[in-house]
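Written below as structure tokens is the structure these notes are about.
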Amino acid sequence: MMDTLKLDLVVASRTLADHGVIDAYGHASARSTANPQRYFMACNLAPELVTEGDILEYDLDSNALDANGRALYQERFIHGEIYKARPDVMAIVHNHSHAVVPFSCTNVALLPIFHMAAFIGLGLPLWDIREAQKGSDMLVKSPELGSHLAAALGAHPGVLMRGHGSTVVAENIPRAVGRSIYLDINARMQYQAIVLAGDGGSVSYMDEAEVAANVSWQNYERSWRLWKEKALGRLIEEKAAAARGSSR
Ligand SMILES: [Zn+2]
């Protein structure tokens, strides 16, 4: 079970990187199914490079239990503090999607414009780190900042972080990854629609009933199978290339 979870985190990291949702920064985590007081996340490494051996186990205070000297993500408290506050959350993606950031620092609300991102209609609160700490470097580097962020998230599926990015949560890894990818796509589509409509034009968003009808079942299952196959295929190629290299 644990190894499946670790492998799924490898797939999640590489898939999010492939879609440009996370670059060298940003991270995906999953709560342990064996012990809800633990979660798994990579050590401090660009997500595109993550393999199973890089996935560490953390307690909910975000201490790594098996780091063996490896550096940790500074923003790991985002994950630990949300897992503490939200027993229903099993997976978390923190990202710096370039398309989403403008919606975090303007008065333009990010709304569901595209059915694959219907979950946005459940509400994405905006968190401003300035309300927790003045003059910060914008990073969630302490348990206090993490719990302040978790409080802003409340019962929602995600939270926008002013001038920084967003954090998306779900009941499983495929849903957290799918939501993060389609949040980024929705942000781009919404920007395009607003520009296309121009002054005096109008943009139609999904309504509450449409959101409810979609969110209940949208698990991104077909996408996840595709993403997993691609990521695992690349992993096999990398291992084969490494083996060829070491046998020379
Ligand atoms: Zn960040």
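The values are calculated or read from the model by the stated rules, or taken from the named source; none is laboratory data. This is a predicted model, so every value here is computed, not measured. A quick note on method: Cβ atoms are made from the backbone with ideal geometry, for glycine too, and the neighbour counts reach across all protein chains shown.
When residue 169 is tested against (1) touching a Pro at 6+ places or on another chain (Cβ under 9 Å); (2) over 16 Å from residue 97 (Cα atoms), exactly one condition is not met: (2).
Say we look at region 160-174 and pick out the residues that are in contact with a strand residue (DSSP E or B) (Cβ under 7 Å, 6 or more places away or on another chain) and farther than 13 Å from residue 105 by Cα; which of these is farthest from the ligand (Cβ to nearest atom)? Taking the candidates together, the pick is 172.
Count of region 73-101 residues, restricted to those that are over 25 Å from residue 213 (Cα atoms) and away from the ligand (no atom under 16 Å from the Cβ), is 3.
Would region 29-42 turn up any residue that is within 24 Å of residue 225 (Cα to Cα) and either part of a helix (DSSP H, G or I) or without any contact (Cβ under 8 Å) to a residue 24 or more places away in the chain (or both)? No. In this structure, is residue 67 under 25 Å from residue 53 (Cα atoms) and part of a loop (DSSP other than H, G, I, E, B)? Yes: the conditions hold for residue 67. Can residue 113 be described as crowded, with 18+ Cβ neighbours inside 10 Å, farther than 28 Å from residue 10 by Cβ and within 16 Å of the ligand (Cβ to nearest atom)? Against the criterion (crowded, with 18+ Cβ neighbours inside 10 Å, farther than 28 Å from residue 10 by Cβ and within 16 Å of the ligand (Cβ to nearest atom)), residue 113 does not qualify. Each residue in region 13-42 was checked for being buried (at least 17 other Cβ atoms within 10 Å of the Cβ), within 16 Å of the ligand (Cβ to nearest atom) and not hydroxyl-bearing (Ser, Thr, Tyr), and 9 pass.
Of these, 203, 211, which one is buried (at least 17 other Cβ atoms within 10 Å of the Cβ) and touching a residue at least 24 places away in the same chain (Cβ under 8 Å)?
211
The single condition among (1) hydroxyl-bearing (Ser, Thr, Tyr); (2) modelled with pLDDT of 95 or more; (3) surrounded by fewer than 17 Cβ atoms within 10 Å (Cβ to Cβ) that residue 216 does not meet is (2). Residue 105 meets all of the listed conditions (1) more than 16 Å from the ligand (Cβ to nearest atom); (2) surrounded by fewer than 18 Cβ atoms within 10 Å (Cβ to Cβ) but one, namely (1). When restricted to residues that are of a type in the set (Gly, Ala, Ser) and over 16 Å from residue 169 (Cβ atoms), region 103-117 contains 2. Does residue 168 meet the test of being surrounded by 24 or more Cβ atoms within 10 Å (Cβ to Cβ), of a type in the set (Val, Ile, Thr) and closer than 25 Å to residue 17 by Cα? So residue 168 fits the description; yes.
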